[in-house]
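**Q** The structure under discussion is supplied below as structure tokens; questions concerning it will follow.
The values are calculated or read from the model by the stated rules, or taken from the named source; none is laboratory data. Please read all numbers here as calculations on a predicted model, not as lab measurements. Note: ideal-geometry Cβ built from the backbone for every residue, glycine included; neighbour counts use all protein chains shown. Just so you know, the surface numbers come from the protein's heavy atoms only, side chains and all, with ligands and any DNA or RNA stripped out. Shrake-Rupley method; radii C 1.70, N 1.55, O 1.52, S 1.80 Å.
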Amino acid sequence: MNEIVKVGSNNIPVIEWKGQRVITTAQLAEVYETDSDNIKKNFQNNKERFKEKEHYFCLIGDELKEFKNLVTDFPLVQKNTPKLYLWTRKGASRHCKMLGTDKAWEQFDELEENYYNPQRQLSGERLISLALIEAHKVLEEKDKQIESLEITVQSMDKVIGELTPKANYVDVILQSPSTVLITQIAQDYGMSAKAFNKKLSEFRIQRKVGGQWILYADYQGKGYVHSKTIDIVRSNGQPDVRMQTEWTQKGRLFLYEELKKHDIYPMIERAA
């Protein structure tokens, strides 16, 4: 508490109490060029016009002791003073009206502008300091926003990472116009053809008839499979033919959607 504010010809040490700038009775009398007793009489005679904590603070006991410790740099209060009044801007205004002198009105304007309005008294150094504080707050807020955006981007990347493999598998299917054997599809799921056929049978998608896997009636005639005749040679050396089921890309997509219902996904879509 070592800041000095010039009010007219008076140098007033800045005093703050409970978040407000205040002034002692002696200082107020000096600024208004009157006697301290006049200030005290005006207050006693019009006490009902003053409200504590709005127009003044009355310090006694521990509060007075605390205040004395704050103003050791200036002789603002005598050591044995039992009670001290501190006047706010509103309190100083009331005393100005009660005194009613030209000097009091003139000095109150000075007091209000130069003392009770601290923003007008900021030095260049203080202004720079406040600007730096505000800039730091803005940067902190920006850092929080950036951090929040980074978290959002990470979450979006995770979602995209989860969705992308699914799109990739479908893309693989759509890129191939040819039919594929069940062995090739089974490999997509990390299974053998035997195990994969068994799963499709359990899910009542296909059944075996005469050594060939054929679809149940619900799925027939939808372009999912294609039967192909292949030439074979029997173990006795005799040539023969056999019917072989091959899956179209439409059928491959159908299996993809059906297996997903049972939480079975191709290898490309499983977590690493």
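**Q** Kindly indicate whether K51 is of a type in the set (D, E, K, R), over 21 Å from I4 (Cα atoms) and modelled with pLDDT of 90 or more. Full working, then the answer.
**A** Values: of a type in the set (D, E, K, R): yes; over 21 Å from I4 (Cα atoms): yes; modelled with pLDDT of 90 or more: yes.
Criteria met by K51.
Results for (1) at pLDDT below 90; (2) within 21 Å of S178 (Cα to Cα), shown as yes or no for each residue.
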residue	(1), (2)
M191	no, no
A195	no, no
E202	no, no
G210	yes, no
L215	no, yes
L255	no, yes
H262	no, no
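**Q** Output the number of the condition that C58 fails; it satisfies all remaining conditions of (1) at positive phi; (2) in contact with an Asp or Glu (Cβ under 9 Å, 6 or more places away or on another chain).
**A** (1)
**Q** Just name the residue that is farthest from the chain's Cα centre (by Cα) out of those in region 196-222 that are surrounded by fewer than 12 Cβ atoms within 10 Å (Cβ to Cβ) and among the small types (G, A, S).
**A** G210
**Q** Pairs under 6 Å by beta carbon, first residue within 13 Å of L84 (Cα to Cα) in region 51-63, partner part of a loop (DSSP other than H, G, I, E, B) and open to solvent by 70 Å² or more (accessible area, probe 1.4 Å), six or more apart or different chains?
**A** Sorted first by the residue in region 51-63, then by its partner, the pairs are I60/K83.
**Q** List every residue pair whose Cβ atoms sit under 8 Å apart, with the two residues 6 or more apart in sequence or on different chains, where the first one lies in region 252-267 and is under 20 Å from Y216 (Cα atoms) and in contact (Cβ under 8 Å) with a residue 12 or more places away in the chain and the second, anywhere, is part of a loop (DSSP other than H, G, I, E, B) and β-branched (V, I, T).
**A** Taking only residues 6 or more apart or on different chains, the pairs are L255/I205; E258/I205.
**Q** Restricting attention to region 8-34, which residues are at positive phi and either open to solvent by less than 50 Å² (accessible area, probe 1.4 Å) or not in a loop (DSSP other than H, G, I, E, B) (or both)? Steps first, please.
**A** Residues of region 8-34 that are at positive phi, as a first pass: 8, 18-19, 33.
Answer for region 8-34, where residues must be at positive phi and either open to solvent by less than 50 Å² (accessible area, probe 1.4 Å) or not in a loop (DSSP other than H, G, I, E, B) (or both): just G8.
**Q** Now for a different question. With respect to the numbered conditions (1) among the small types (G, A, S); (2) over 19 Å from E257 (Cα atoms); (3) modelled with pLDDT under 65, which one is the sole condition not fulfilled by S178?
**A** Result: S178 passes all but (3).
**Q** I've got another one for you. Just give me the residues in region 69-96 being open to solvent by 30 Å² or more (accessible area, probe 1.4 Å), in a helix (DSSP H, G or I), closer than 20 Å to E30 by Cα and out of contact with any His (no Cβ under 8 Å at 6 or more places or on another chain), in sequence order.
**A** R89
**Q** Which pairs have Cβ atoms under 7 Å, sit 6 or more apart or on different chains, and link a residue in region 88-99 that is over 12 Å from K40 (Cα atoms) to one that is assigned to a helix (DSSP H, G or I) and open to solvent by 40 Å² or more (accessible area, probe 1.4 Å)?
**A** Pairs found: R89/E112; R94/R49; C96/W105.
**Q** Using the structure shown, decide if D37 is in a helix (DSSP H, G or I), more than 18 Å from A104 (Cβ to Cβ) and open to solvent by 30 Å² or more (accessible area, probe 1.4 Å). Can you show your working first?
**A** Working: in a helix (DSSP H, G or I): yes; more than 18 Å from A104 (Cβ to Cβ): no; open to solvent by 30 Å² or more (accessible area, probe 1.4 Å): yes.
Judged against the criteria, D37 is not a match.
**Q** Continuing with the same structure: Among the residues of region 48-69, is there at least one that is of a type in the set (S, T, N, Q) and under 49 Å from the mean Cα position of the chain (by Cα)? Steps first, answer last, please.
**A** Going through region 48-69, the residues of a type in the set (S, T, N, Q) turn out to be 69.
In the following step, the residues that additionally are under 49 Å from the mean Cα position of the chain (by Cα) were identified as 69.
Within region 48-69 (the criterion being of a type in the set (S, T, N, Q) and under 49 Å from the mean Cα position of the chain (by Cα)), the answer is yes, since at least one residue qualifies.
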